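All remarks here apply to the structure that follows.
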Amino acid sequence: MTSPGAQAVTEQARPVWVLTPLESVGPLRFGMSMDEAAMALPKTPELRRFQAEPCFPEIVGIQLGLGPAEPTVYQYFDGSGRLFCVATDAVRGPQVTLEGAELAGGNPAELEQWLFDLPESMGGVSYGPRGNPGINDLGLVLRAQNTANGLLSRPVLVGRDWADRCVDDWEGAIPECEWVGHVWPHPSFPQDRVWPPAGYTPTWASRWSPPF
């Protein structure tokens, strides 16, 4: 399945990463060390490291890409230094595929329906408090990323040890920085919804700010 949004970004001949749920995505295997993850992507340089969680400074985020304005992949490591979460940029990142569907840079409405069309054996669709769909049993959440072509899908993936309630943006393992920004679009709400909303000051605002 290739959505209109995906067609627009696949013109850049992005690499294709096959998702093996809970185990790996492309050359990255969940549970890798930072050194192992770096060796898995020798042609994609590290751009910067950042604190990915306001309350858990041990959660390290690493941004990879071709240049400061061209991020492609975000890796997240837990307190023991293990890779537990990967997100790919909707426009420049590798194309993540599962069951023939392209998950990066796709049309949100089409991909949301695709989730519901998956076999029941793959797990049921659920939503976090901020409305992002995903399937805990697959360690898969679809985020919305604002791009020049509008809101496109940004796949966020976690390994088996971190998949419990991963769709829940309050209780799951996915870092807070991946939840900040545009909320998954829904016909019942305006397209410009963002988290945190205008005028609202989160409890972490005085000690941490989202890195992107």
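The values are calculated or read from the model by the stated rules, or taken from the named source; none is laboratory data. The structure presented is a predicted model; accordingly, all values stated were derived computationally and were not measured. When we count neighbours, we look across all protein chains shown, and the Cβ atoms used for this are built from the backbone with ideal geometry, even at glycine. With ligands, DNA and RNA removed, areas are computed over all heavy atoms of the protein, side chains included. Shrake-Rupley method; radii C 1.70, N 1.55, O 1.52, S 1.80 Å.
Rounded to the nearest 0.05, what FRET efficiency do Arg160 and His186 give with R0 = 30 Å and r taken as the Cβ-Cβ distance? Could you check?
Here the calculated transfer efficiency is 0.50.
Could you compute the longest span of the chain free of GluC sites (Glu not before Pro) located in DSSP loops and having at most 16 other Cβ atoms within 10 Å, not counting the site residues?
With a cap of 16 other Cβ atoms within 10 Å, the longest stretch comes to 100-170.
Shape of region 56-172 from its Cα gyration tensor (a ≥ b ≥ c, root eigenvalues): rounded if a/c is under 1.5, otherwise prolate when a/b > b/c, or oblate?
Because a/c hits 1.5 or more and a/b fails to exceed b/c, region 56-172 counts as oblate.
Can you tally the net charge around Gly65? Count Lys and Arg as +1, Asp and Glu as -1, for every other residue whose Cβ sits under 15 Å from the Cβ of Gly65.
Computed value for this residue: +3.
For the charge dipole of the chain, defined by +1 on Lys and Arg C-beta atoms and -1 on Asp and Glu C-beta atoms about the Cα centroid, which residue among Ser206, Gly106, Asn149 has the Cα displaced farthest towards the positive pole?
Of the candidates, Ser206 comes out farthest on the positive side.
Can you run phi through the Karplus equation (6.51, -1.76, 1.60; θ = phi - 60°) for region 51-63 and list ³J(HN,Hα) in whole Hz, with x for Gly and Pro?
Karplus values, whole Hz, x for Gly and Pro: 7, 8, 10, x, 9, 10, x, 6, 7, 9, x, 10, 9.
Separation between the Trp204 and Ala40 pseudo-spin-labels, each 7 Å from Cα along Cα→Cβ, expressed in nm?
It works out to 2.3 nm between the two label points.
Please compute the contact order of the chain in relative form: average sequence separation of alpha-carbon pairs under 8 Å and at least six residues apart, divided by the residue count, as a percent.
With pairs under 8 Å counted, the relative contact order is 19 percent.
With +1 assigned to the C-beta of every Lys and Arg and -1 to the C-beta of every Asp and Glu, and no other charges, what is the dipole magnitude of the chain about the Cα centre in debye, to the nearest 20?
So the dipole magnitude of the chain works out to roughly 540 debye.
What list of ³J(HN,Hα) couplings, whole Hz, do you get for region 147-155 from phi and the Karplus terms 6.51, -1.76, 1.60, once you set θ to phi - 60° and write x for glycine and proline?
10, 4, 9, x, 6, 10, 6, 10, x
Quick one: pull the percent of accessible area on region 1-124 belonging to carbon and sulfur, 1.4 Å probe, ligands and nucleic acids left out.
53
In terms of modelled amide H atoms, which long-range or inter-chain residues lie less than 5 Å from the amide H of Leu47?
Sorted by chain and number, the residues that satisfy this are Gln63, Leu64, Gly65.
Which entry in [x] 1.13; [y] 1.65; [z] 0.94 is this structure's computed Cα Rg over 2.2 N^0.38 Å?
This structure yields the entry labelled [z].
Using the Karplus equation 6.51 cos²θ - 1.76 cosθ + 1.60 (θ = phi - 60°), what ³J(HN,Hα) coupling, rounded to whole Hz, does each residue of region 22-37 give in order, writing x for Gly and Pro?
6, 10, 7, 9, x, x, 8, 10, 4, x, 4, 7, 4, 5, 5, 5
Give me the distance in nm between label points sitting 7 Å out from Cα along the Cα-to-Cβ direction at Thr20 and Phe212, one decimal.
So the two model labels end up 2.6 nm from each other.
By the scheme Lys and Arg +1, Asp and Glu -1, what is the net charge of all other residues having a beta-carbon under 12 Å from that of Ser80?
After counting each charged neighbour, the total is -2.
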